[in-house]
1. Just tell me how shielded B:53-66 is by partners: mean number of partner chain Cβ atoms within 10 Å of each residue's Cβ, no decimals.
2. For A:Tyr232, B:Tyr181, what's the fewest-to-most ordering of other Cβ within 10 Å of each Cβ?
3. Would you tell me the mean number of C-beta atoms belonging to other protein chains that fall within 10 Å of each C-beta in A:7-20, as a whole number?
4. If each residue's Cβ is checked for other Cβ atoms within 10 Å, how do B:Val37, B:Val101 rank with the fewest at the top?
5. Residues of B:73-85, mean number of Cβ from any other protein chain within 10 Å of their own Cβ, rounded to a whole number?
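Every number in this text was worked out from the coordinates using simple rules, so none of it is lab data. Not measured: the values here are computed from a predicted model. Cβ: placed from backbone, ideal geometry, glycine included. Neighbour counts: every protein chain shown.
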Amino acid sequence: MTHGEVRADLGDYLEGDLPLERRALVDAHLDGCAECAQRMRSLRSTVDTLRALDGPEPPAGLSAAVLARIEAGEGRPGALASLLGRIPWELRGRLAAPALAFAAAAVLLVWLYRPAAPPELAWVERPPLPSRQSVQEAIAREESFGASADPGTPAEDAPAGPRVASADLDAALRDPASLLRALAPLSPAERQERLAALARAGDARVPALADALAAQDAPDAKSLAETLLRLYDARSTGERP
Amino acid sequence: MSDRQRRGVGHELVERGPLARADAWREHDRDPDLELVRRWRAGDVQSFAALIRRHERRVYRLLFRMLGSREEAEDAAQETFLNLHRHGHRFRGDALFSTFVYRIAANAALNRRRSLGRRRAHEAGLANEQAAGPMAPSAPRDPESAASGAEDRARVQRALQDVAPKLRLPLLLYDLEGLPYPEIAKLLDLPEGTVKSRIHRAREILRDALSGESR
């Protein structure tokens, strides 16, 4: 076997995943090649070092902090999702229709008692952001974190997108009608991009905004709210929207 | 050897190669979290609290090794469990609940990395590791060993920063968290072969980085 072939097999060799005949060939090569044998030993040592790593321990108040935030209303599931979550799986098919009707009635009531629209806010043009990616695609797009490579500047590597989206999220929560007016003239793809940017802010404000959008008096308010929620849900769980 | 979380009863020890872990597991029919999940979905908040306590250590550990900062790891851990609370209804039982939790944590880590400056994360990680707080019970107790242990951990954490996140994540899930290949593949939505090759590449990069650290 060549050095390259052995090195390519080292990972499977160390895990015992090589077929016996192939393993025997690697063994024979290692017996006669000090360089490859050293490479194998250093790889094994690296893994041992990594596996001996443990901790750090989480902060003592982590679970209490999470529960307090849930108590305060964060991280709550959507009304329909919460309702479905309490129903045995085998009954969901039979109860889906009345559950949807209940949710629709709830949205109608919120819409009937909606607040008056405040003055319109101005939307500043942002550079287009990538659409939501699954975990697999997000991993594939990650760049090397090599210390030897140019680490870049914080500004370069901390794009303004997420911080700007967070500010947009606050503005939209204060005036969801203004968000709808800003989205109205856009193409479907541009709307998707804008909503994806808001979903990427990635916290409990997003579902609250979706609820507020759904309550607005606009023809596509509900569909935009559902799109926003779908993008946020998919981003949180890594599932495809 | 670090303490690995066990995922249920009835394990099977599988003799593998030199790096085969003594705690190599295969998937089980019974998920030990299912009963708590059922009670939580039925409205029992204490069951959700128990699920947090059961998974917070592994979640925080993974996030710290991915993000390199205690503060970021804590924020991401809270975000993970809030998202778990919000999206718990999406767990269908077609994988272990712990896989579902890891997936949400992985997303929290990757989403956060996009907004963290590389240099800021690296420096924060070094500062935090040097001022190490409570570590696992397996850490040595005498001052000299404790000091060298902290230095070793800092050295490995520095070297880990040389591994690209897309490689570091499967590496940590496999070698640190002890997840088997099929579970990592399902978690990351990748073929097993890709998972294996990424882990192998990550190990080689880590080895080179550690060699550079010792010079």
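1. 3
2. B:Tyr181, A:Tyr232
3. The mean count of partner-chain Cβ atoms within 10 Å per residue comes to 4.
4. Listed from fewest to most nearby Cβ atoms, that is B:Val37, B:Val101.
5. Across B:73-85, the average partner-chain Cβ count within 10 Å equals 6.
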